[in-house]
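A short worksheet on the structure shown next.
The values are calculated or read from the model by the stated rules, or taken from the named source; none is laboratory data. Just so it is clear, the model here is predicted, and its values are computed rather than measured. Note that each Cβ is placed from the backbone with ideal geometry, even for glycine, and that neighbours are counted across all protein chains shown. Areas reflect the complete protein model, heavy atoms only, side chains present, ligands, DNA and RNA absent. Shrake-Rupley method; radii C 1.70, N 1.55, O 1.52, S 1.80 Å.
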Amino acid sequence: MSVNSFGRIFRFTTWGESHGPALGAVIDGCPPGLALGEADIQPWLDRRRPGTSRFTTQRQEPDRVRILSGVFEGRTTGTPISLMIENVDQRSKDYAEVAGAYRPGHADYAYDAKYGFRDYRGGGRSSARETAARVAAGAVARAVIPEVRIRAYLVELGGDAIDRAAFDDAAIDANPFFCPDAQAAARWEAIVDGARKAGSSVGAIVECVAERVPAGWGAPLYAKLDSELAAACMSINAVKGVEIGDGFAAARLTGEQNADPMRPGSDGGPSFLANHAGGIAGGIATGQPIVLRVALKPTSSILTPVETIDREGAATDIRTKGRHDPCVGIRAAPVVEAMVALVLADQKLLHRAQCG
């Protein structure tokens, strides 16, 4: 059993490890005739690329993508699209201690328990490096859903949340945190710098909004749009929680408070007066903006010594050397966008297959 693929019709498989020669993705089910080139994919990878500020890992990876198949004369052919991104700045020697002992909070022990051995260099497949392949695949998915606008940003870092009243879309790309609140971004600089100097790390929450998703995408029960989105986002390394719309806050509302009242709209459909459901009802898109939030834990690779055991079961302490994100959530916004795009592309094709 090898579960490295996701999707039903628009299906992608990622491959490669953090310290291997390359990583990438193979996409099957992409419709033919779509305009696609490496220049359409690269800007999304550049947003996720490491080493772009002092607040992320200083691993220097250009993340240049190559299309190896499935595109001819600038258009998709309908055959599998293979994407490759070379790794050029590995430092496997930094993981000498990790080879013999497990990092608490990381997947080290779980991988060893499952497979009997593991690629300790950077975490192998459990490294956030794997998400570069997802972002590349997500760029292809965007070509399938040009009608949809997807935007992700950080709303909380290290327990410090943005001021919703100060939300500025233009600020998201103007700071290294994908933060829509300039004052919060300034505070976060000190939080991340402090965590790095202390040899520690902090977590974050990413919010993602998908606008102009047509009503009707999704399916009841076993292919619910919200369950597919939750599964896609939970598959991202370091994610520990996903909520749609009001999420857990909905449990503290009354029925009338949680309702999304409707009135006749100008286009013959409903005009919604609220969006507590996050744009999805019964697993099917309502036509409202789809809103979800993703919680990412603090990076497990830290310089602060932590109690653990070695591979023989003996007690020891471990501190992880090397270049790591003091907050892995900072670069997660482009990854969440990619996973949402991949789900929506798949759901669009599923809807077209069933409903024409």
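Positive end of the dipole of the chain, charges at C-beta (+1 Lys, Arg; -1 Asp, Glu), about the Cα centre: which of Val71, Leu34, Ile284 has its Cα farthest in that direction?
Positive-most Cα among the choices belongs to Val71.
What is the angle, in °, between the Cα long axis of helix 332-355 and the longest principal axis of the Cα atoms in the chain? Nearest 10 is fine, range 0 to 90.
The angle comes out at about 40 degrees.
Working with all protein chains in place, sort Val144, Val242 by solvent-accessible area computed with a 1.4 Å probe, largest first. List each step's numbers first, then the result.
Details: Val144 10, Val242 35 Å².
Listed by decreasing accessible area, they come as Val242, Val144.
About its Cα centre, what dipole magnitude does segment 252-343 give when the only charges are +1 on Lys and Arg Cβ and -1 on Asp and Glu Cβ, stated in debye to the nearest 20? Write out the running numbers ahead of the final one.
Working: 9 positive and 9 negative charges, 42 e Å.
Roughly 200 debye for segment 252-343.
Out of the GluC sites (Glu not before Pro) in segment 117-159, which ones are loop residues according to DSSP with at most 16 other C-beta atoms within 10 Å? Please report the intermediate quantities before stating the final value.
Details: sites: Glu130, Glu147, Glu156; in loops: Glu147.
Hits after loop and neighbour filter: Glu147.
With a 1.4 Å probe and every protein chain left in place, work out the accessible area per residue of segment 136-222 in Å², rounded to a whole number.
On the way: 3620 Å² over 87 residues.
Computed with neighbouring chains in place, this is 42 Å² per residue.
Run the dipole for segment 158-226 about the Cα centre, Lys and Arg Cβ at +1, Asp and Glu Cβ at -1, nothing else charged, and hand back the magnitude in debye, nearest 20. Can you show the working numbers first?
Numbers: 6 positive and 11 negative charges, 56 e Å.
Its charge dipole is roughly 260 debye.
Hey, if you drop one equal point scatterer on each alpha-carbon of segment 69-199 and run the Debye formula without solvent, what base-10 log of I(q)/I(0) do you get at q = 0.12, 0.17, 0.19 Å⁻¹?
Normalising to I(0) and taking log10 leaves -0.81, -1.12, -1.13.
Given Cα pairs under 8 Å that are at least 6 residues apart, what percent is the relative contact order of the chain? Could the numbers behind the result be given before it?
On the way: 774 pairs, mean separation 80.8, N = 356.
Over the chain, the number comes to 23 percent.
Could you please put Tyr102, Tyr222, Tyr115, Tyr120 in sequence from largest to smallest accessible area, using a 1.4 Å probe? Before the final figure, lay out each step's value.
Details: Tyr102 20, Tyr222 190, Tyr115 130, Tyr120 90 Å².
Putting Tyr102, Tyr222, Tyr115, Tyr120 in descending order of accessible area: Tyr222, Tyr115, Tyr120, Tyr102.
Rounded to whole Hz and in sequence order, give me ³J(HN,Hα) for segment 284-293 from the Karplus expression 6.51 cos²θ - 1.76 cosθ + 1.60, θ = phi - 60°, writing x for Gly and Pro.
10, 5, 9, x, 7, x, 8, 10, 9, 10
Need the list of lysines near Lys297 for cross-linking: C-alpha distance under 20 angstrom, and skip anything on the same chain fewer than eight residues off.
In chain and number order, the partners are Lys197, Lys240, Lys321.
Leaving out same-chain residues fewer than 8 places away, which lysines sit with a Cα under 18 Å from that of Lys224?
Lys348
Taking only C-alpha pairs under 8 Å that are 6+ residues apart, what is the relative contact order of segment 288-356 in percent? Kindly include the intermediate steps, with their values, before the conclusion.
On the way: 45 pairs, mean separation 18.4, N = 69.
It rounds to 27 percent for segment 288-356.
If you line up the long axis of helix 38-48 against the longest principal axis of the chain, both from Cα atoms, how many degrees apart are they, to the nearest 10?
Roughly 60 degrees between the two axes.
Quick one: accessible surface of Leu296, probe radius 1.4 Å, all protein chains present, in square angstrom to the nearest 10.
Roughly 10 Å² of Leu296 is accessible to a 1.4 Å probe.
For helix 131-144, report the angle its Cα long axis makes with the longest principal axis of the Cα atoms of the chain; keep it between 0 and 90° and round to the nearest 10°.
Taking the Cα atoms of the chain, the angle to 131-144 is about 20 degrees.
Select from Gly241, Trp44, Ala165 the residue farthest towards the positive end of the dipole of the chain; place +1 on Cβ of Lys and Arg, -1 on Cβ of Asp and Glu, and compute about the Cα centre.
Trp44
Per the helix-only calculation at 222 nm, which mean residue ellipticity applies to the chain, given -39500 (n - 2.57) for every DSSP H run of n ≥ 4 and division by its residues, nearest 500 deg cm²/dmol? Before the final figure, lay out each step's value.
On the way: 8 runs with 92 residues, N = 356.
Helix-only estimate at 222 nm: -8000 deg cm²/dmol.
Could you work out the relative contact order of segment 206-356? I mean the mean sequence separation of Cα pairs under 8 Å and 6+ apart, divided by the number of residues, in percent.
33
For Met84, Met262, what's the largest-to-smallest order of accessible area, 1.4 Å probe? If you can, show how the numbers build up before the last one.
Values: Met84 35, Met262 105 Å².
Of Met84, Met262, the descending order of accessible area is Met262, Met84.
Putting +1 on Lys and Arg Cβ atoms and -1 on Asp and Glu Cβ atoms, find which of Tyr109, Gly20, Ala132 reaches farthest to the positive end of the dipole of the chain.
Sorting the options by dipole projection puts first Gly20.
Can you tell me which of Lys297, Lys224, Lys114 moves the most in a GNM of the chain? Springs connect C-alpha atoms under 10 Å apart.
Maximum fluctuation in the GNM of the chain, among the listed residues, is at Lys114.
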